[in-house]
Structures are given as structure tokens and as C-alpha cells.
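What follows is a single structure, written as C-alpha cells, with notes after it.
The values are calculated or read from the model by the stated rules, or taken from the named source; none is laboratory data. Please read all numbers here as calculations on a predicted model, not as lab measurements. With ideal geometry, Cβ positions are generated from the backbone for all residues, glycine too; neighbour counts draw on all protein chains shown.
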Amino acid sequence: MDKFIINGGRKLRGNVNISGAKNAAVAIIPAAILAGGVCVIENVPQINDVTIDLQILRHIGADIRLLDKSTIRIDTKHIRDTAIPYEMARHMRASYYFLGTMLSKFNHAKVSMPGGCDLGDRPIDQHTKCFKALGADYTIEHGMVEIAADKLTGTQIYFDKVTVGATINAMLASVKAEGLTIIENAAKEPHIVDLANFLNTIGADIMGAGTDVIKVRGVKTFKGADYSIIPDQIEAGTYMVAAAATKGDVTINNVIPKHLEPITSKLRKIGAVIEEFDDSMRIMGVDSYERTNLKTMPHPGFPTDMQPQFAALLTLAKGTSILTEGIFDNRFRYVDELRRMGADISVDGKVAVIEGVERLTGAPVKVADLRAGASLIIAGLCADGITEIEEIQHIERGYENMDLKLRALGADIVKRKLPDAIESIATAI
Ligand code: UD1
């Protein structure tokens with residue numbers, strides 16, 4: 001039971017390198033199942049969600065080698081049609097991408113219902129709708145989703161709502177289907193384009209990724225390939241907000257500035273100074289920030305995965321800011337913890353009203369989900385005194401070495417492990 005301990009009040013200064021995108025990695029790694037040869041994937045983030053993905057791949061028979069800290073070699077020559085159990089799938093949402101890839105590969109897949117962050121109701125009806133449209137039947141029994149098809153046939157799929165996960169599964173499930181599949185009302189996030197680029201590199205025929213209509217023409221054979229994952233838009237945005245919130249001066253390297261536009265424009269609007277270069281950004285904080293309103297929306301709107309971090313920053317802005325969560329039902333589970341640190345926030349359904357305060361003060365807090373954890377870290381970096389953050393396993397699912405990267409920027413943050421004896425007593429109570 002590790003925790004982060006932050007002594008707040010230091011301005012972040014210096015350079016930070018952004019790792020590969022979590023949400024692209026957790027789609028591309030299962031997609032390697034389809035490759036007809038060895039894949040070497042570069043810029044893989046060292047995060048727990050990737051570790052779980054690799055464990056699942058091993059479980060179904062893949063040979064995986066780490067070539068260096070961010071490069072993996074995946075050989076799926078000997079994979080088998082094997083069920084993916086609860087213990088593996090429960091940790092992450094993206095385990096459902098094994099449904100799409102295994103269905104393509106074996107015309108059959110059996111995967112435990114996915115886990116991941118608790119952000120309210122997260123149905124998978126759009127995923128099952130697309131598998132059905134391609135010709136598969138599915139059952140959900142004893143916590144396992146099982147899908148099977150005699151044959152997959154290209155079709156037209158119209159999503160009732162914009163969904164990243166179902167768009168990815170639709171691409172994965174249709175790459176080998178006979179004929180043309182047209183995916184309408186598709187999500188347009190950068191990791192969707194990255195997955196399409198990877199699939200095309202191994203031989204798929206996908207057009208239109210990044211727009212709301214994606215066309216997939218089924219192909220029969222795939223090859224191996226070398227591929228480098230895009231930088232993580234949300235990790236970059238998190239460091240941008242942390243730099244601004246601490247009134248620091250940070251250059252963020254290995255980014256695609258275009259992917260960061262919604263975040264950059266909001267930061268500029270409230271007063272931060274930002275310089276853009278080809279693959280880096282410099283963020284210079286100011287003494288006080290203006291209020292703003294913000295509504296999360298599918299890409300290219302403001303990302304829901306940046307909403308909690310922005311909330312932490314706006315707790316210290318002048319005046320009243322209003323945040324509307326446009327994607328998930330329950331994404332304000334960090335608010336009680338920020339209140340413990342002195343924030344003035346009220347929540348009504350999907351709307352949070354933030355009254356800016358003069359200062360936050362350090363407190364013991366608990367992480368409820370991945371981006372909630374990033375929010376509490378940013379608050380802790382700004383607060384007076386010590387913030388102890390528990391349940392940091394949520395943060396380590398998606399941020400590579402966050403404590404080390406922040407320490408290199410001058411933050412006073414350490415990771416502490418409770419001694420086992422204390423931990424077991426704590427668990428027993
Ligand atoms: C992905 C990201 C997550 C991000 C989210 C929105 C990954 C691994 N995770 O999650 O970080 O916060 O996109 O950008 O890439 N929905 C349905 N039925 C479905 C599927 C989704 O109603 O079958 C709803 C969801 O409940 C949610 C909305 O659609 O309200 C968007 O969800 P979706 O885009 O699918 O999010 P995820 O793929 O789970």
C-alpha cells in the first residue's frame with residue numbers, strides 16, 4: 001500500500017519527457033495478435049495497464065521480450081483461443097479490446113467483463129452491437145462475455161453515442177471481415193488514429209480514422225512490423241496544468257502540440273503563457289488565474305481525462321468556475337478530497353461549481369481513480385504543507401514514474417511504502 005507524500009509550495013521548473021500514450025498502447029498491444037509476424041513496438045509507457053496487457057498476451061501464448069525500457073518485441077505465432085479470466089481483465093477497461101482482436105483472429109473470444117476506473121455507468125452495448133452487426137452472437141454469463149461467429153461480414157455500424165472503446169473494437173473486429181465495414185459516428189481521439197496507423201502498417205486497409213466515418217476493407221493476411229506509439233496527450237496535459245498551477249516554468253518534450261490544443265487554449269484563456277515548438281511546449285505560470293467555464297466533450301473537445309486536473313488548478317483561480325462533465329456520469333469523486341484541502345466546490349449531477357480560494361492546505365487524501373489521482377497530486381504540489389496521497393495504485397495504472405518526473409522538476413514528493421506488518425494490521429481492521 002504505497003502512498004505519495006508531497007511537501008507543497010515549490011514551483012516546477014525544467015524539462016520533462018512525455019511517455020507513449022496509455023490509451024494507444026492498450027489498443028495496439030492486443031492488436032499485435034493479428035500480426036502475421038513479429039512486432040516491435042517502441043515508445044511503450046512503463047505503466048501498470050501495459051504490464052497487465054502483456055500478462056494477458058502471455059496468458060494466451062505470446063512470446064514477449066523487453067528490448068529496452070520502452071521497446072517490446074511481441075511474437076504471437078503460438079497464441080491460442082483461450083479465455084481471459086476475471087483476475088486479469090478486472091484491472092483495466094481496455095481488456096475488452098481482446099474481444100475485438102480474438103474475434104478477428106479466431107472467430108471466437110471469451111473475456112471477463114472489463115474493469116477500469118469507476119466513473120459511473122459504463123455499459124458495453126455499443127461494443128456488442130458492432131460485434132452483432134458483423135455477424136457474431138454473444139452471451140454474458142458468469143461475468144464472462146463470449147462472442148462467436150461462423151464468419152464475419154463487412155457491414156454498416158452507426159454508434160448511438162460517440163465511444164472511443166467501441167470505435168476501437170469495431171476496427172479490431174472488422175479488419176478481416178469480408179468486404180467493407182463503414183463505422184459512422186466514430187470517435188476521433190488521437191489514439192484511434194494511432195491504432196488505425198498500426199493496423200495499416202501490419203497490412204489492414206483502414207481509411208478515415210480521425211474523422212467520424214471510418215471505412216475498413218477486410219483483408220486476409222497480416223505481417224509483422226516496427227511501430228512507435230504516439231506521445232500521451234493526457235500525461236502531457238497533466239504536466240502542463242501542474243506547471244501552470246505551481247506558477248512554474250516547464251518545457252514538455254516529446255509531444256504533438258496539435259493533440260494538446262483544447263488544453264493549451266484553456267490554459268491560455270485563464271492566463272498561462274505557452275510557447276509551442278515542433279515537438280515540445282513551454283508553459284510559464286502566472287501569479288493568479290482567471291475563472292473559466294469548461295465542458296468535457298469527445299475529441300477535439302476538451303478531454304474528460306483532463307477535467308479533474310483542471311479542477312485542481314481552478315480551485316485557486318479568481319472567481320467562480322463551472323465545470324460540466326459531458327462524458328461520464330460520476331467523474332467528481334475527487335471533489336471531497338479537494339475539499340479536505342480547503343477547496344470550495346459544490347457538485348450537482350454533472351456540474352461542479354468552483355469558488356476560487358486564496359490557498360489550499362496539505363491533508364491526507366485518498367485516490368478514487370486514475371485522473372482523480374493526478375488532480376490530488378496537482379493540488380498537493382500547490383498546497384501549503386504536507387499532503388499524503390493514498391491508493392496511488394490508480395495513478396500508477398496510467399502515469400509512468402510520476403514521482404520521479406516531478407522530483408526532477410523540483411517537486412518535493414516521495415513514495416512511501418507502509419511496512420508489511422502495519423499494512424496487514426491496517427487491512428485487518
Ligand atoms: C476511453 C478512454 C478513457 C476516456 C474515455 C473518454 C481508453 C482505454 N480509455 O474510455 O480514458 O476517459 O475514452 O474519452 O481509451 N458508452 C456506452 N455504451 C458503450 C460504450 C460507451 O453507453 O458501449 C458510454 C460511456 O458510458 C460513456 C461514453 O459512452 O458515457 C464514452 O465512453 P467511451 O468513449 O467508450 O470511453 P472508454 O472507451 O470506456
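Before moving on, here are some points about what is shown:
- Of the residues making up region 1-56, those that are touching a Ser or Thr at 6+ places or on another chain (Cβ under 8 Å) and of a type in the set (S, T, Y) number 1.
- Test: residue in region 147-165 that is touching a residue at least 40 places away in the same chain (Cβ under 8 Å), more than 13 Å from the ligand (Cβ to nearest atom) and in a strand (DSSP E or B): yes
- Residue ID - nearest to V111 (Cα to Cα), chosen from residues in region 121-135 that are away from the ligand (no atom under 11 Å from the Cβ) and surrounded by fewer than 23 Cβ atoms within 10 Å (Cβ to Cβ): K132
- Taking the criterion of being in contact (Cβ under 8 Å) with a residue 60 or more places away in the chain and closer than 21 Å to D305 by Cβ, the residues of region 171-191 that qualify are M171, A187, K188, E189, P190, H191.
- In this structure, G342 does not qualify as closer than 19 Å to E189 by Cα, modelled with pLDDT of 95 or more and part of a loop (DSSP other than H, G, I, E, B).
- Restricted to region 175-205, and to residues there that are outside any loop (DSSP other than H, G, I, E, B) and under 19 Å from G37 (Cβ atoms), the residue that is farthest from the ligand (Cβ to nearest atom) is D205.
- Matching option when the condition is buried (at least 21 other Cβ atoms within 10 Å of the Cβ), in a loop (DSSP other than H, G, I, E, B) and touching a residue at least 40 places away in the same chain (Cβ under 8 Å), among P30, P45: P45
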